[in-house]
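Comments concern the structure below.
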Amino acid sequence: MEGRNRDRLRLQCDLFSPEGEEEFMSDVASFQLGDQQLEMPVVTGSEGERGVDISRLRAETGVITLDPGYANTGSCQSDITFIDGEKGILRYRGYPIEELAQKSTFLEVAYLLLYGELPTQDVFDEFKDEICHHTMIHESIKWVYRGLPKAAHPMAVCAAVVGALATYYPEDLEPGDSGQVRMSVHRLLAKFPTIAAYSYKYSIGQPFMYPVNRLDYASNFLHMMFATPCEEYEIPQEVSQALDLLLILHADHEQNCSTSTVRMVGSSLSNLFASISAGIGALWGSLHGGANQAVIEMLEQIALEDGSAEAFVSKTKDKKSGIRLMGFGHRVYRNYDPRAKILKSACSSVLDALGVQERLLEIAMNLEEIALKDEYFVSRKLYPNVDFYSGLIYRAIGIPVNMFTVLFALGRLPGWMAHWKEMHQDPAFKIGRPRQIYVGPEERSYVPMENR
Ligand code: ACO
(Lines give C-alpha, C1' and ligand atoms only; values in the text may rest on other atoms or scores of the structure.)
Protein backbone atom coordinates (compact mmCIF):
# COMPACT_ATOMS: atom_id res chain seq x y z
CA MET A 1 0.00 0.00 0.00
CA GLU A 2 3.06 2.25 0.28
CA GLY A 3 2.93 5.28 -1.93
CA ARG A 4 -0.80 4.99 -2.41
CA ASN A 5 -3.18 7.58 -1.10
CA ARG A 6 -5.03 6.52 1.99
CA ASP A 7 -7.49 9.27 2.80
CA ARG A 8 -9.65 8.83 5.79
CA LEU A 9 -13.26 7.98 5.19
CA ARG A 10 -15.17 8.37 8.39
CA LEU A 11 -18.12 6.07 8.70
CA GLN A 12 -20.42 7.22 11.42
CA CYS A 13 -23.05 4.65 11.94
CA ASP A 14 -25.34 6.31 14.46
CA LEU A 15 -28.21 3.91 14.32
CA PHE A 16 -31.06 5.76 15.92
CA SER A 17 -34.46 4.14 16.14
CA PRO A 18 -37.24 6.68 16.23
CA GLU A 19 -39.66 5.69 18.94
CA GLY A 20 -42.77 3.86 17.86
CA GLU A 21 -41.16 2.73 14.59
CA GLU A 22 -41.78 -0.90 13.81
CA GLU A 23 -39.30 -3.68 13.28
CA PHE A 24 -38.35 -3.01 9.65
CA MET A 25 -37.38 0.64 10.04
CA SER A 26 -34.46 1.99 8.07
CA ASP A 27 -31.91 3.93 10.07
CA VAL A 28 -29.28 6.23 8.70
CA ALA A 29 -25.49 6.07 8.55
CA SER A 30 -23.45 9.13 7.75
CA PHE A 31 -20.23 9.06 5.73
CA GLN A 32 -17.66 11.78 5.68
CA LEU A 33 -14.97 12.02 3.01
CA GLY A 34 -12.91 15.17 3.39
CA ASP A 35 -15.52 17.93 3.58
CA GLN A 36 -18.21 15.89 1.99
CA GLN A 37 -20.89 14.41 4.17
CA LEU A 38 -23.41 11.88 2.99
CA GLU A 39 -26.25 10.08 4.66
CA MET A 40 -27.15 6.58 3.64
CA PRO A 41 -29.98 4.30 4.65
CA VAL A 42 -29.35 1.38 6.94
CA VAL A 43 -31.42 -1.62 5.95
CA THR A 44 -32.54 -3.92 8.75
CA GLY A 45 -33.40 -7.55 8.07
CA SER A 46 -36.13 -9.59 9.73
CA GLU A 47 -33.59 -11.06 12.19
CA GLY A 48 -32.08 -7.69 13.02
CA GLU A 49 -29.02 -7.84 10.73
CA ARG A 50 -28.04 -4.39 9.49
CA GLY A 51 -26.43 -3.23 6.29
CA VAL A 52 -25.57 0.23 5.06
CA ASP A 53 -27.03 0.72 1.60
CA ILE A 54 -24.10 2.30 -0.24
CA SER A 55 -25.62 2.08 -3.71
CA ARG A 56 -25.40 5.92 -4.10
CA LEU A 57 -21.85 6.19 -2.75
CA ARG A 58 -19.93 6.39 -6.02
CA ALA A 59 -22.46 8.58 -7.78
CA GLU A 60 -22.35 11.10 -4.93
CA THR A 61 -18.70 10.98 -3.80
CA GLY A 62 -16.71 9.34 -6.62
CA VAL A 63 -15.34 6.64 -4.30
CA ILE A 64 -16.22 2.97 -4.05
CA THR A 65 -15.84 0.45 -1.23
CA LEU A 66 -13.02 -2.09 -1.36
CA ASP A 67 -13.86 -5.45 0.19
CA PRO A 68 -11.70 -8.38 -1.00
CA GLY A 69 -13.61 -11.65 -0.82
CA TYR A 70 -16.83 -9.63 -0.25
CA ALA A 71 -16.53 -10.47 3.45
CA ASN A 72 -18.49 -7.34 4.44
CA THR A 73 -20.63 -6.96 1.36
CA GLY A 74 -24.30 -7.86 1.11
CA SER A 75 -25.07 -8.46 -2.55
CA CYS A 76 -28.85 -8.63 -2.16
CA GLN A 77 -31.78 -8.89 0.20
CA SER A 78 -33.00 -12.46 0.36
CA ASP A 79 -35.77 -14.29 2.19
CA ILE A 80 -34.51 -17.82 1.56
CA THR A 81 -31.95 -18.72 4.24
CA PHE A 82 -30.91 -17.19 7.53
CA ILE A 83 -27.54 -17.88 9.15
CA ASP A 84 -26.26 -16.55 12.43
CA GLY A 85 -22.62 -17.56 12.29
CA GLU A 86 -21.88 -16.43 15.83
CA LYS A 87 -24.64 -18.53 17.35
CA GLY A 88 -24.43 -21.42 14.87
CA ILE A 89 -27.98 -21.00 13.54
CA LEU A 90 -29.19 -22.07 10.09
CA ARG A 91 -32.80 -21.79 8.92
CA TYR A 92 -34.39 -22.34 5.52
CA ARG A 93 -37.38 -20.00 5.05
CA GLY A 94 -37.50 -19.65 8.84
CA TYR A 95 -37.44 -23.38 9.65
CA PRO A 96 -34.48 -24.52 11.79
CA ILE A 97 -32.20 -26.96 9.99
CA GLU A 98 -32.42 -29.33 12.95
CA GLU A 99 -36.21 -29.66 12.52
CA LEU A 100 -36.04 -30.08 8.78
CA ALA A 101 -33.28 -32.69 9.16
CA GLN A 102 -35.41 -34.64 11.57
CA LYS A 103 -38.88 -34.29 10.07
CA SER A 104 -38.70 -33.42 6.39
CA THR A 105 -37.46 -34.97 3.16
CA PHE A 106 -35.13 -33.52 0.56
CA LEU A 107 -37.87 -33.06 -2.04
CA GLU A 108 -40.07 -31.25 0.45
CA VAL A 109 -37.14 -29.01 1.42
CA ALA A 110 -36.50 -28.38 -2.27
CA TYR A 111 -40.11 -27.25 -2.66
CA LEU A 112 -39.81 -25.05 0.42
CA LEU A 113 -36.68 -23.35 -0.91
CA LEU A 114 -38.06 -22.90 -4.41
CA TYR A 115 -41.56 -21.74 -3.52
CA GLY A 116 -41.23 -20.25 -0.03
CA GLU A 117 -43.70 -22.41 1.94
CA LEU A 118 -44.06 -26.03 2.98
CA PRO A 119 -46.43 -27.69 0.51
CA THR A 120 -49.82 -29.19 1.34
CA GLN A 121 -50.16 -32.91 0.53
CA ASP A 122 -51.86 -32.26 -2.84
CA VAL A 123 -49.35 -29.67 -3.92
CA PHE A 124 -46.48 -31.88 -2.85
CA ASP A 125 -47.87 -34.94 -4.66
CA GLU A 126 -48.09 -32.94 -7.86
CA PHE A 127 -44.56 -31.55 -7.43
CA LYS A 128 -43.13 -34.97 -6.65
CA ASP A 129 -44.94 -36.51 -9.57
CA GLU A 130 -43.50 -33.93 -11.91
CA ILE A 131 -39.96 -34.36 -10.58
CA CYS A 132 -40.28 -38.15 -10.82
CA HIS A 133 -41.38 -37.95 -14.46
CA HIS A 134 -38.58 -35.84 -15.85
CA THR A 135 -35.75 -38.06 -14.69
CA MET A 136 -34.57 -39.38 -18.06
CA ILE A 137 -32.07 -37.47 -20.12
CA HIS A 138 -32.11 -37.36 -23.90
CA GLU A 139 -30.46 -40.50 -25.33
CA SER A 140 -28.07 -38.43 -27.41
CA ILE A 141 -26.61 -36.83 -24.26
CA LYS A 142 -24.82 -40.14 -23.78
CA TRP A 143 -22.57 -39.00 -26.62
CA VAL A 144 -21.55 -35.98 -24.58
CA TYR A 145 -20.23 -38.39 -21.94
CA ARG A 146 -18.54 -40.52 -24.57
CA GLY A 147 -16.67 -37.50 -25.88
CA LEU A 148 -14.97 -37.03 -22.51
CA PRO A 149 -12.04 -38.96 -21.02
CA LYS A 150 -13.03 -41.75 -18.62
CA ALA A 151 -10.69 -40.36 -15.98
CA ALA A 152 -12.38 -36.94 -16.05
CA HIS A 153 -13.42 -35.59 -12.66
CA PRO A 154 -17.21 -36.07 -12.38
CA MET A 155 -17.64 -32.39 -11.40
CA ALA A 156 -16.23 -31.42 -14.81
CA VAL A 157 -18.51 -33.96 -16.49
CA CYS A 158 -21.59 -32.74 -14.62
CA ALA A 159 -20.81 -29.11 -15.41
CA ALA A 160 -20.47 -30.01 -19.10
CA VAL A 161 -23.69 -32.04 -19.25
CA VAL A 162 -25.75 -29.49 -17.30
CA GLY A 163 -24.47 -26.76 -19.62
CA ALA A 164 -25.35 -28.97 -22.60
CA LEU A 165 -29.00 -29.21 -21.45
CA ALA A 166 -29.46 -25.67 -22.78
CA THR A 167 -28.99 -27.08 -26.27
CA TYR A 168 -31.88 -29.54 -25.72
CA TYR A 169 -34.43 -27.08 -24.37
CA PRO A 170 -33.94 -23.85 -26.36
CA GLU A 171 -37.66 -23.09 -26.01
CA ASP A 172 -37.41 -22.88 -22.18
CA LEU A 173 -34.41 -20.63 -21.58
CA GLU A 174 -36.02 -17.24 -21.01
CA PRO A 175 -35.33 -16.10 -17.39
CA GLY A 176 -38.25 -13.65 -17.51
CA ASP A 177 -40.88 -16.26 -18.40
CA SER A 178 -42.18 -17.91 -15.22
CA GLY A 179 -43.58 -20.94 -17.08
CA GLN A 180 -40.27 -21.62 -18.81
CA VAL A 181 -38.35 -21.11 -15.57
CA ARG A 182 -40.63 -23.53 -13.72
CA MET A 183 -40.10 -26.13 -16.44
CA SER A 184 -36.31 -25.74 -16.44
CA VAL A 185 -36.13 -25.80 -12.64
CA HIS A 186 -38.18 -29.01 -12.43
CA ARG A 187 -36.28 -30.62 -15.28
CA LEU A 188 -32.93 -29.91 -13.70
CA LEU A 189 -33.98 -31.10 -10.25
CA ALA A 190 -35.31 -34.30 -11.85
CA LYS A 191 -32.39 -34.94 -14.17
CA PHE A 192 -29.42 -34.03 -12.02
CA PRO A 193 -29.35 -37.37 -10.14
CA THR A 194 -29.33 -39.13 -13.52
CA ILE A 195 -26.57 -36.86 -14.85
CA ALA A 196 -24.51 -37.37 -11.68
CA ALA A 197 -24.92 -41.16 -11.57
CA TYR A 198 -24.10 -41.45 -15.30
CA SER A 199 -20.85 -39.54 -14.72
CA TYR A 200 -19.85 -42.28 -12.27
CA LYS A 201 -21.03 -45.16 -14.46
CA TYR A 202 -19.11 -43.74 -17.39
CA SER A 203 -15.92 -43.42 -15.34
CA ILE A 204 -16.00 -47.11 -14.36
CA GLY A 205 -17.10 -48.39 -17.75
CA GLN A 206 -20.49 -49.74 -16.64
CA PRO A 207 -23.70 -49.28 -18.63
CA PHE A 208 -25.88 -46.33 -17.70
CA MET A 209 -28.84 -47.39 -15.56
CA TYR A 210 -32.15 -45.75 -16.37
CA PRO A 211 -33.99 -44.04 -13.52
CA VAL A 212 -36.85 -45.90 -11.83
CA ASN A 213 -39.58 -43.36 -11.23
CA ARG A 214 -41.38 -45.21 -8.45
CA LEU A 215 -38.33 -44.84 -6.18
CA ASP A 216 -37.85 -41.86 -3.89
CA TYR A 217 -35.29 -39.23 -4.90
CA ALA A 218 -32.33 -40.59 -2.90
CA SER A 219 -33.10 -44.24 -3.63
CA ASN A 220 -33.39 -43.58 -7.34
CA PHE A 221 -29.95 -41.98 -7.34
CA LEU A 222 -28.51 -44.94 -5.42
CA HIS A 223 -30.13 -47.34 -7.88
CA MET A 224 -28.56 -45.51 -10.85
CA MET A 225 -25.19 -45.50 -9.09
CA PHE A 226 -25.01 -49.08 -7.92
CA ALA A 227 -27.39 -51.34 -9.85
CA THR A 228 -26.29 -52.98 -13.08
CA PRO A 229 -28.41 -54.62 -15.81
CA CYS A 230 -27.27 -57.96 -14.36
CA GLU A 231 -27.92 -57.24 -10.73
CA GLU A 232 -30.37 -55.17 -8.76
CA TYR A 233 -29.11 -53.00 -5.93
CA GLU A 234 -31.05 -53.64 -2.75
CA ILE A 235 -31.19 -50.21 -1.19
CA PRO A 236 -30.78 -50.38 2.58
CA GLN A 237 -33.18 -47.93 4.21
CA GLU A 238 -30.39 -46.52 6.41
CA VAL A 239 -28.44 -45.66 3.27
CA SER A 240 -31.23 -43.83 1.45
CA GLN A 241 -32.20 -42.03 4.66
CA ALA A 242 -28.60 -40.98 5.29
CA LEU A 243 -28.30 -39.68 1.74
CA ASP A 244 -31.61 -37.79 2.02
CA LEU A 245 -30.36 -36.19 5.25
CA LEU A 246 -27.10 -35.14 3.60
CA LEU A 247 -29.01 -33.58 0.73
CA ILE A 248 -31.24 -31.62 3.14
CA LEU A 249 -28.23 -30.29 5.03
CA HIS A 250 -26.56 -29.09 1.84
CA ALA A 251 -29.67 -27.63 0.22
CA ASP A 252 -28.87 -23.96 0.77
CA HIS A 253 -26.41 -21.70 2.50
CA GLU A 254 -27.29 -18.18 1.37
CA GLN A 255 -24.66 -16.19 -0.55
CA ASN A 256 -21.76 -18.70 -0.56
CA CYS A 257 -19.23 -18.84 -3.40
CA SER A 258 -21.18 -21.15 -5.73
CA THR A 259 -24.57 -19.52 -5.07
CA SER A 260 -23.08 -16.09 -5.70
CA THR A 261 -21.61 -17.51 -8.92
CA VAL A 262 -25.02 -18.81 -10.00
CA ARG A 263 -26.53 -15.39 -9.26
CA MET A 264 -23.71 -13.58 -11.03
CA VAL A 265 -23.99 -15.65 -14.21
CA GLY A 266 -27.79 -15.44 -14.14
CA SER A 267 -27.61 -11.67 -13.69
CA SER A 268 -26.52 -11.27 -17.29
CA LEU A 269 -29.86 -12.95 -18.19
CA SER A 270 -27.99 -16.08 -19.07
CA ASN A 271 -30.14 -19.22 -18.87
CA LEU A 272 -30.59 -21.48 -15.84
CA PHE A 273 -28.48 -24.35 -17.21
CA ALA A 274 -25.49 -22.08 -17.94
CA SER A 275 -25.80 -20.53 -14.46
CA ILE A 276 -25.94 -23.87 -12.65
CA SER A 277 -23.08 -25.23 -14.72
CA ALA A 278 -20.96 -22.30 -13.51
CA GLY A 279 -22.11 -22.95 -9.94
CA ILE A 280 -20.87 -26.52 -10.21
CA GLY A 281 -17.49 -25.16 -11.28
CA ALA A 282 -17.36 -22.84 -8.27
CA LEU A 283 -18.37 -25.59 -5.86
CA TRP A 284 -15.62 -27.89 -7.13
CA GLY A 285 -12.77 -25.95 -5.47
CA SER A 286 -11.18 -27.34 -2.30
CA LEU A 287 -11.96 -24.21 -0.28
CA HIS A 288 -15.65 -24.78 -0.97
CA GLY A 289 -17.48 -28.03 -1.83
CA GLY A 290 -14.27 -29.82 -2.75
CA ALA A 291 -13.36 -29.79 0.94
CA ASN A 292 -15.37 -32.98 1.61
CA GLN A 293 -13.06 -34.89 -0.75
CA ALA A 294 -10.03 -33.11 0.73
CA VAL A 295 -11.08 -34.14 4.27
CA ILE A 296 -11.09 -37.85 3.40
CA GLU A 297 -7.78 -37.53 1.57
CA MET A 298 -6.36 -35.79 4.64
CA LEU A 299 -7.67 -38.51 6.99
CA GLU A 300 -6.32 -41.25 4.71
CA GLN A 301 -2.94 -39.53 4.63
CA ILE A 302 -2.85 -39.33 8.42
CA ALA A 303 -3.82 -43.01 8.70
CA LEU A 304 -1.15 -43.91 6.17
CA GLU A 305 1.57 -42.04 8.00
CA ASP A 306 1.44 -42.71 11.74
CA GLY A 307 -2.17 -41.89 12.56
CA SER A 308 -1.08 -39.04 14.81
CA ALA A 309 -3.74 -36.36 14.87
CA GLU A 310 -1.59 -34.22 17.13
CA ALA A 311 1.34 -34.05 14.68
CA PHE A 312 -1.03 -33.18 11.86
CA VAL A 313 -2.76 -30.40 13.78
CA SER A 314 0.68 -28.90 14.47
CA LYS A 315 1.42 -28.83 10.76
CA THR A 316 -1.82 -27.03 10.00
CA LYS A 317 -0.82 -24.23 12.37
CA ASP A 318 2.42 -23.64 10.54
CA LYS A 319 1.62 -21.21 7.72
CA LYS A 320 4.77 -22.28 5.85
CA SER A 321 3.46 -25.85 5.53
CA GLY A 322 0.61 -24.60 3.34
CA ILE A 323 -1.56 -27.28 5.00
CA ARG A 324 -4.95 -26.48 6.45
CA LEU A 325 -7.11 -28.62 8.64
CA MET A 326 -9.67 -29.43 5.98
CA GLY A 327 -13.29 -29.38 7.13
CA PHE A 328 -12.44 -26.72 9.71
CA GLY A 329 -13.21 -23.03 9.58
CA HIS A 330 -15.91 -21.15 7.78
CA ARG A 331 -16.34 -17.65 6.42
CA VAL A 332 -19.64 -17.23 8.25
CA TYR A 333 -19.65 -19.63 11.20
CA ARG A 334 -17.55 -18.53 14.13
CA ASN A 335 -19.11 -21.36 16.10
CA TYR A 336 -19.88 -25.03 15.48
CA ASP A 337 -21.53 -25.37 12.08
CA PRO A 338 -25.02 -26.71 12.97
CA ARG A 339 -24.85 -29.06 10.00
CA ALA A 340 -21.60 -30.57 11.28
CA LYS A 341 -23.27 -31.18 14.64
CA ILE A 342 -26.11 -33.11 12.98
CA LEU A 343 -23.68 -35.02 10.77
CA LYS A 344 -21.37 -35.98 13.61
CA SER A 345 -24.19 -37.80 15.35
CA ALA A 346 -25.62 -39.18 12.06
CA CYS A 347 -22.17 -40.47 11.17
CA SER A 348 -21.96 -42.66 14.27
CA SER A 349 -25.52 -44.01 13.80
CA VAL A 350 -25.09 -44.75 10.09
CA LEU A 351 -21.78 -46.51 10.66
CA ASP A 352 -23.30 -48.54 13.51
CA ALA A 353 -26.39 -49.42 11.47
CA LEU A 354 -24.25 -50.59 8.56
CA GLY A 355 -21.78 -52.34 10.85
CA VAL A 356 -18.88 -50.33 9.42
CA GLN A 357 -15.73 -50.05 11.51
CA GLU A 358 -14.08 -46.82 10.42
CA ARG A 359 -10.58 -45.99 11.49
CA LEU A 360 -10.91 -42.61 9.79
CA LEU A 361 -13.82 -41.64 12.05
CA GLU A 362 -11.60 -42.22 15.07
CA ILE A 363 -8.91 -40.02 13.53
CA ALA A 364 -11.48 -37.33 12.69
CA MET A 365 -12.86 -37.26 16.22
CA ASN A 366 -9.34 -37.10 17.56
CA LEU A 367 -8.47 -34.20 15.27
CA GLU A 368 -11.61 -32.38 16.33
CA GLU A 369 -10.95 -32.87 20.02
CA ILE A 370 -7.38 -31.62 19.73
CA ALA A 371 -8.24 -28.65 17.51
CA LEU A 372 -11.14 -27.51 19.68
CA LYS A 373 -8.78 -27.22 22.65
CA ASP A 374 -5.93 -25.65 20.73
CA GLU A 375 -5.31 -21.92 21.19
CA TYR A 376 -4.69 -21.44 17.44
CA PHE A 377 -8.15 -22.77 16.49
CA VAL A 378 -9.92 -21.34 19.55
CA SER A 379 -8.64 -17.80 19.03
CA ARG A 380 -9.55 -17.86 15.33
CA LYS A 381 -12.95 -19.41 16.08
CA LEU A 382 -12.32 -22.33 13.75
CA TYR A 383 -14.83 -25.16 14.21
CA PRO A 384 -15.77 -28.23 12.16
CA ASN A 385 -17.84 -27.33 9.11
CA VAL A 386 -20.32 -29.43 7.11
CA ASP A 387 -17.53 -31.15 5.20
CA PHE A 388 -15.76 -32.54 8.23
CA TYR A 389 -18.09 -35.52 8.76
CA SER A 390 -20.05 -35.70 5.49
CA GLY A 391 -17.28 -37.57 3.63
CA LEU A 392 -17.24 -40.31 6.25
CA ILE A 393 -20.94 -40.95 5.68
CA TYR A 394 -20.55 -40.89 1.90
CA ARG A 395 -17.73 -43.39 2.26
CA ALA A 396 -19.76 -45.66 4.52
CA ILE A 397 -22.63 -45.76 2.04
CA GLY A 398 -20.28 -46.65 -0.79
CA ILE A 399 -19.93 -43.32 -2.62
CA PRO A 400 -16.49 -43.04 -4.24
CA VAL A 401 -14.38 -40.11 -3.06
CA ASN A 402 -14.42 -38.19 -6.33
CA MET A 403 -18.24 -38.22 -6.26
CA PHE A 404 -18.47 -36.49 -2.86
CA THR A 405 -18.55 -33.00 -4.31
CA VAL A 406 -21.09 -34.10 -6.92
CA LEU A 407 -23.34 -35.14 -4.04
CA PHE A 408 -22.84 -31.71 -2.53
CA ALA A 409 -23.95 -30.20 -5.85
CA LEU A 410 -27.00 -32.49 -5.92
CA GLY A 411 -27.98 -31.21 -2.48
CA ARG A 412 -27.24 -27.56 -3.26
CA LEU A 413 -29.19 -27.55 -6.52
CA PRO A 414 -32.55 -26.37 -5.07
CA GLY A 415 -30.78 -23.58 -3.18
CA TRP A 416 -28.97 -22.41 -6.31
CA MET A 417 -32.20 -22.41 -8.29
CA ALA A 418 -34.18 -20.68 -5.51
CA HIS A 419 -31.59 -17.86 -5.50
CA TRP A 420 -31.56 -17.65 -9.28
CA LYS A 421 -35.36 -17.29 -9.31
CA GLU A 422 -35.37 -14.82 -6.43
CA MET A 423 -32.80 -12.63 -8.14
CA HIS A 424 -34.84 -12.39 -11.32
CA GLN A 425 -37.96 -11.44 -9.37
CA ASP A 426 -36.16 -8.81 -7.28
CA PRO A 427 -37.28 -5.23 -8.11
CA ALA A 428 -33.67 -4.18 -7.41
CA PHE A 429 -32.38 -6.64 -10.07
CA LYS A 430 -29.20 -5.49 -11.85
CA ILE A 431 -26.40 -7.22 -13.73
CA GLY A 432 -23.65 -8.17 -11.23
CA ARG A 433 -20.62 -6.08 -11.97
CA PRO A 434 -18.22 -5.17 -9.15
CA ARG A 435 -15.66 -2.41 -9.56
CA GLN A 436 -11.97 -2.40 -8.69
CA ILE A 437 -9.16 -0.15 -7.60
CA TYR A 438 -6.66 -0.20 -10.45
CA VAL A 439 -3.05 -0.45 -9.21
CA GLY A 440 -1.24 -1.20 -12.50
CA PRO A 441 1.10 1.02 -14.54
CA GLU A 442 -0.02 4.52 -15.42
CA GLU A 443 -0.35 5.41 -19.09
CA ARG A 444 2.77 4.63 -21.11
CA SER A 445 3.64 4.44 -24.79
CA TYR A 446 4.06 1.29 -26.81
CA VAL A 447 7.74 0.39 -27.32
CA PRO A 448 8.61 -1.37 -30.60
CA MET A 449 10.06 -4.87 -30.09
CA GLU A 450 13.59 -3.89 -31.24
CA ASN A 451 13.81 -1.12 -28.61
CA ARG A 452 12.77 -3.18 -25.55
N1 ACO B 1 -6.71 -24.76 9.11
C2 ACO B 1 -5.75 -23.96 9.61
N3 ACO B 1 -5.86 -22.61 9.67
C4 ACO B 1 -6.98 -22.06 9.22
C5 ACO B 1 -8.03 -22.84 8.68
C6 ACO B 1 -7.86 -24.24 8.65
N7 ACO B 1 -8.82 -25.03 8.17
N8 ACO B 1 -9.03 -22.03 8.29
C9 ACO B 1 -8.64 -20.79 8.56
N10 ACO B 1 -7.39 -20.80 9.13
C11 ACO B 1 -6.66 -19.63 9.63
C12 ACO B 1 -6.05 -18.84 8.49
O13 ACO B 1 -4.75 -19.27 8.19
C14 ACO B 1 -6.10 -17.44 9.06
O15 ACO B 1 -5.05 -17.33 9.99
P16 ACO B 1 -4.32 -15.89 10.23
O17 ACO B 1 -5.40 -14.99 10.77
O18 ACO B 1 -3.24 -16.20 11.19
O19 ACO B 1 -3.81 -15.46 8.88
C20 ACO B 1 -7.41 -17.42 9.86
O21 ACO B 1 -7.62 -18.78 10.24
C22 ACO B 1 -8.61 -16.92 9.07
O23 ACO B 1 -8.69 -17.68 7.87
P24 ACO B 1 -9.19 -17.11 6.48
O25 ACO B 1 -8.70 -17.98 5.39
O26 ACO B 1 -8.90 -15.66 6.41
O27 ACO B 1 -10.75 -17.27 6.68
P28 ACO B 1 -11.81 -17.20 5.53
O29 ACO B 1 -13.09 -16.86 6.18
O30 ACO B 1 -11.34 -16.37 4.40
O31 ACO B 1 -11.82 -18.72 4.98
C32 ACO B 1 -12.30 -21.02 4.76
C33 ACO B 1 -12.77 -19.66 5.32
C34 ACO B 1 -11.90 -20.89 3.28
C35 ACO B 1 -13.45 -22.02 4.84
C36 ACO B 1 -11.10 -21.51 5.61
O37 ACO B 1 -11.47 -21.65 6.96
C38 ACO B 1 -10.51 -22.83 5.08
O39 ACO B 1 -9.66 -22.80 4.18
N40 ACO B 1 -10.95 -24.00 5.63
C41 ACO B 1 -10.49 -25.27 5.15
C42 ACO B 1 -11.24 -25.64 3.87
C43 ACO B 1 -12.67 -26.03 4.14
O44 ACO B 1 -12.98 -26.82 5.04
N45 ACO B 1 -13.58 -25.50 3.32
C46 ACO B 1 -15.01 -25.82 3.41
C47 ACO B 1 -15.77 -24.62 3.87
S48 ACO B 1 -17.45 -25.01 4.11
C49 ACO B 1 -18.09 -25.04 2.55
O50 ACO B 1 -17.66 -24.39 1.64
C51 ACO B 1 -19.19 -25.92 2.37
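The values are calculated or read from the model by the stated rules, or taken from the named source; none is laboratory data. Computed from a predicted structure; not experimentally measured. Ideal geometry is used to build each Cβ from the backbone, glycine not excepted, and the neighbour counts take in all protein chains shown. Side chains included, ligands, DNA and RNA excluded: accessible areas come from the protein's heavy atoms. Shrake-Rupley method; radii C 1.70, N 1.55, O 1.52, S 1.80 Å.
What the table shows:
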| item | result |
| --- | --- |
| Shape call, the stretch 274-366: gyration tensor on alpha carbons, a/c limit 1.5 | oblate |
| The stretch 168-219 - Debye-derived log10 I(q)/I(0), Cα point model, q = 0.30 Å⁻¹ | -1.09 |
| Nearest-ten-degree value, helix 154-168 long axis tilted from longest Cα axis of the chain | 80 degrees |
| Burial order of peptide ranges 244-253, 393-402, 96-105 (average beta-carbon count within 10 Å, highest first) | 244-253, 393-402, 96-105 |
| Förster radius 25 Å - calculated FRET efficiency between residue 349 and residue 304, Cβ distance, rounded to 0.05 | 0.35 |
| Residue 314 - accessible surface, heavy atoms, 1.4 Å probe, Å² rounded to 10 | 60 Å² |
| Residue 438-residue 380 FRET efficiency (beta carbon distance; Förster radius 41 Å; 0.05 resolution) | 0.80 |
| Net charge over other residues, Cβ less than 15 angstrom from the Cβ of residue 280 (K, R count +1; D, E count -1) | +3 |
| Heavy-atom accessible area order for 120, 259, 61, largest first, 1.4 Å probe | 120, 61, 259 |
| Cβ-defined net charge surrounding residue 348, 15 Å radius [Lys, Arg +1; Asp, Glu -1] | -2 |
| Share of alpha-carbon pairs per 10 Å distance bin for the stretch 134-205, given as whole % | 19, 52, 23, 6, 0 |
| Helix axis angle, 178-204 relative to the chain longest principal axis, alpha carbon, degrees | 60 degrees |
| Cα gyration tensor shape of the stretch 225-311, rounded if a/c is under 1.5, else prolate or oblate by comparing a/b with b/c | oblate |
| Carbon plus sulfur fraction of accessible area for the chain, probe 1.4 Å, in percent | 50 percent |
| Value in Å of the Kirkwood radius, where the chain supplies the Cα pairs that are averaged | 24.2 Å |
| Taking the stretch 152-281 and dividing mean pair separation by its residue count, relative contact order in percent (alpha carbons under 8 Å, at least six apart) | 33 percent |
| Per residue accessible area in Å² of the chain, where ligands, DNA and RNA are left out and the probe is 1.4 Å | 52 Å² |
| Local electrostatic count, residue 271, Cβ distance below 10 Å [Lys/Arg +1, Asp/Glu -1] | -2 |
| Ranked packing of 184-196, 328-340, most packed first, by mean Cβ within 10 Å | 184-196, 328-340 |
| Where 183, 224 fall by accessible area, highest first, once all protein chains stay in place (1.4 Å) | 183, 224 |
| Between 0 and 90°, nearest 10: helix 106-115 axis offset from the chain longest Cα axis | 30 degrees |
| Sparse-neighbourhood loop sites, chymotrypsin sites (Phe, Trp or Tyr not before Pro) in the stretch 219-286 - DSSP loop, at most 12 other Cβ within 10 angstrom | none |
| Solvent-accessible surface (1.4 angstrom probe) belonging to residue 374, in square angstrom, nearest 10 | 30 Å² |
| Accessible surface ranking that places the most exposed of 82, 408 first, with a 1.4 angstrom probe | 82, 408 |
| Contour minus Cα-Cα distance for residue 148 and residue 70 (0.36 nm per residue) | 24.5 nm |
| Over the chain: helical MRE at 222 nm, DSSP H runs n ≥ 4 each giving -39500 (n - 2.57), nearest 500 | -15000 deg cm²/dmol |
| Reachable lysines, given that their alpha-carbon falls under 25 Å from the alpha-carbon of residue 373 and they are not under 8 places away in the same chain | 87, 315, 317, 319, 320, 341, 344, 381 |
| P(r), alpha carbons of the stretch 166-300 - 10 Å bins starting at zero, rounded % | 11, 31, 38, 18, 2 |
| Accessible-area value, residue 230, 1.4 Å probe, nucleic acids and ligands omitted, Å² | 120 Å² |
| Farthest positive-ward along the chain dipole, Cα basis, beta-carbon charges - from 168, 119, 447 | 447 |
| Cα gyration tensor, the stretch 374-452 - rounded (a/c under 1.5), prolate or oblate | prolate |
